[in-house]
Amino acid sequence: MRRRLLLLTGSTTALVLAALLVPLTLLTRTHAADRAIAEATARAQWVAATVGPSLAGGMRGAKAGDQMEQTLRSVNGPALPRTSLILADGTVVGSPARLTEAVRLARTGRAFTYEPPNGGRVVLVPVHGAPEGTAVVHVAVSRGQLHDGVLTSWLVLAGIGAALVLLGLVLADRLGTRIVGATRSLAATANRLSAGDLTARAEPQGPPELRLVADQLNRLAARIDELLAAERENAADLAHRLRTPVAALRLDAETLRDPAEGERIAASVAVLEHGVDEVIRRARRPLREAEPTADLPAAARGRAAFWLPLAEDQNRAVDIDTPAGPLAVPVPPDELTAALDALIGNVLDHTPQGTGFRVTVRTTGDMAELLVEDEGPGFPDPGDGPYLTTRGTSGAGSTGLGLDIARRTAEEAGGAFETANSPGAKVTLSFPTAAD
């Protein structure tokens, strides 16, 4: 934007100056020529007035010649027009001159200026009163003398034009710096807001339009903060309401006659209580805190071991392939656990009993991949109905959120989510690796 503003200002200033300076340069050239011709005419008239009395008085001999030579010598010089006196008999006094048709025309009593073939100007002024006839004062102005000072004037005009263009560029640069700086400040604030820093606020600066945008952006950030706070409070309140029925379930489990069955149900209730507490904690957690990490192989082994008893009850073969060492990914441990539970739970809920499944953790470049694949019929064809990966869509009467939870877990960490049939259902979650 700054460069475009400078280019626009420079082009506009140059066009305006060209429209003004080009006629001015032509006018300067014409004025210089008019001045040179006027000076030459005045010179010729002065010579005619000086030598006229001598010619009219009939002066002869060396004295008259010396007087005319002295007069013409005083008006001739290295940088002056060539001035001559052409007598009636053709004698030339002063600078050399030729007897042309223009000189013969001037002897008839006409004073005029003409342009010879070789350029320049020639001023002819007749001198009347000589007994021998009319003499003519001949002043020749060369091309250089005709336009003397024009180049200097043009250079001065060019310097003025360049100075004006430079001044315009400096002013445009100051204005562009102000506008660009204000725009970049707004962009930086918007980036901070998009990264989750709802405390970011823009400083109103620059033109009135950008100040208005900054004010509206600040109002938007404040409104988003209010809405998120209200939604988090609502989520915490809803989770808190679950404590009462969960507590009732725990009491019912303790009253069961079968101790083993009671312990099993109590353990499930404890897991449910932990989940409710985690919902409340996450709702109360600040939006910006240190990024948590989880050990992907350990989480995969742990959740596979958790679901192994149920898989054995359903005669399912479970295969686990994970690296021996740790592999950290930028995902909160509870979210990674929820994603694994959703994927393994889908296999247990939506495939026939006896269908085996495999959990694999591997690295590909700088990405860590979690694969959960089964030996079942695979995902249905999207043309047969709603696809199971669509949020809220389920083919078995469930909530339809399992695969979407896994997808959000991967994408919020900067990874990817993929589904395929190979030939059974295959789900791949990709995560960027993180420092331990």
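Among the residues making up segment 100-109, those that are farther than 22 Å from V75 by Cβ and part of a loop (DSSP other than H, G, I, E, B) are T108, G109.
Out of A44, A97, A32, one residue alone is assigned to a loop (DSSP other than H, G, I, E, B), touching a Ser or Thr at 6+ places or on another chain (Cβ under 8 Å) and surrounded by 15 or more Cβ atoms within 10 Å (Cβ to Cβ). It is A97. Looking at segment 282-298, can you tell me whether even one residue there is surrounded by fewer than 16 Cβ atoms within 10 Å (Cβ to Cβ), at pLDDT 75 or above, touching an Asp or Glu at 6+ places or on another chain (Cβ under 6 Å) and not aliphatic (A, V, I, L, M)? No, segment 282-298 contains no residue that is surrounded by fewer than 16 Cβ atoms within 10 Å (Cβ to Cβ), at pLDDT 75 or above, touching an Asp or Glu at 6+ places or on another chain (Cβ under 6 Å) and not aliphatic (A, V, I, L, M).
Inside segment 117-145, residues that are over 60 Å from the mean Cα position of the chain (by Cα) and either among the hydrophobic types (A, V, I, L, M, F, W, C) or at pLDDT below 85 (or both) make up a count of 16. When residues in segment 47-57 are screened for being surrounded by fewer than 16 Cβ atoms within 10 Å (Cβ to Cβ) and assigned to a helix (DSSP H, G or I), 3 of them pass. Taking the listed residues G383, G397, the one that is part of a helix (DSSP H, G or I), modelled with pLDDT under 85 and surrounded by fewer than 18 Cβ atoms within 10 Å (Cβ to Cβ) is G383, with no other qualifying.
How many residues, within segment 305-346, are assigned to a helix (DSSP H, G or I) and under 53 Å from the mean Cα position of the chain (by Cα)?
As a first pass, look at segment 305-346 and keep what is assigned to a helix (DSSP H, G or I): 305-313, 333-346.
Checking which are under 53 Å from the mean Cα position of the chain (by Cα) leaves us with 333-346.
Matching residues across segment 305-346 total 14.
From the list D374, D436, D404, which one is closer than 18 Å to L336 by Cα, modelled with pLDDT of 75 or more, acidic (D, E) and out of contact with any Asp or Glu (no Cβ under 7 Å at 6 or more places or on another chain)? Spell out the reasoning first.
Values: D374 fails: closer than 18 Å to L336 by Cα; D436 fails: modelled with pLDDT of 75 or more.
When all the criteria are applied, what remains is D404.
Name the residues in segment 194-230 that are in a helix (DSSP H, G or I) and in contact with a helix residue (DSSP H, G or I) (Cβ under 9 Å, 6 or more places away or on another chain), would you? Hits for segment 194-230 are L210, R211, V213, A214, L217, N218, L220, A221, I224.
The residue of segment 130-183 that is surrounded by the most Cβ atoms within 10 Å (Cβ to Cβ), among those that are touching a strand residue (DSSP E or B) at 6+ places or on another chain (Cβ under 9 Å) and among the small types (G, A, S), is A135. Just name the residue that is surrounded by the most Cβ atoms within 10 Å (Cβ to Cβ) out of those in segment 363-379 that are within 7 Å of G424 (Cβ to Cβ) and touching a helix residue (DSSP H, G or I) at 6+ places or on another chain (Cβ under 8 Å). Out of the qualifying residues, it is D374. If the condition is being of a type in the set (D, E, K, R) and more than 30 Å from L167 (Cα to Cα), then segment 1-58 contributes D34, R35, E39, R43.
What strands (runs of 3 or more DSSP E) lie completely within segment 110-178 and have 2 or more residues being of a type in the set (F, W, Y)?
Values: elements: 112-114, 121-127, 135-141.
Result: 112-114.
For the structure I just gave you, tell me whether G345 is under 20 Å from T293 (Cβ atoms) and at pLDDT below 90. Taking the combined requirement at face value, the residue does not satisfy it.
The values are calculated or read from the model by the stated rules, or taken from the named source; none is laboratory data. Since this is a predicted model, take the numbers as computed values, not measurements. Methodologically, a virtual Cβ is constructed for each residue, glycine included, from the backbone with ideal geometry; neighbour enumeration extends over all protein chains shown.
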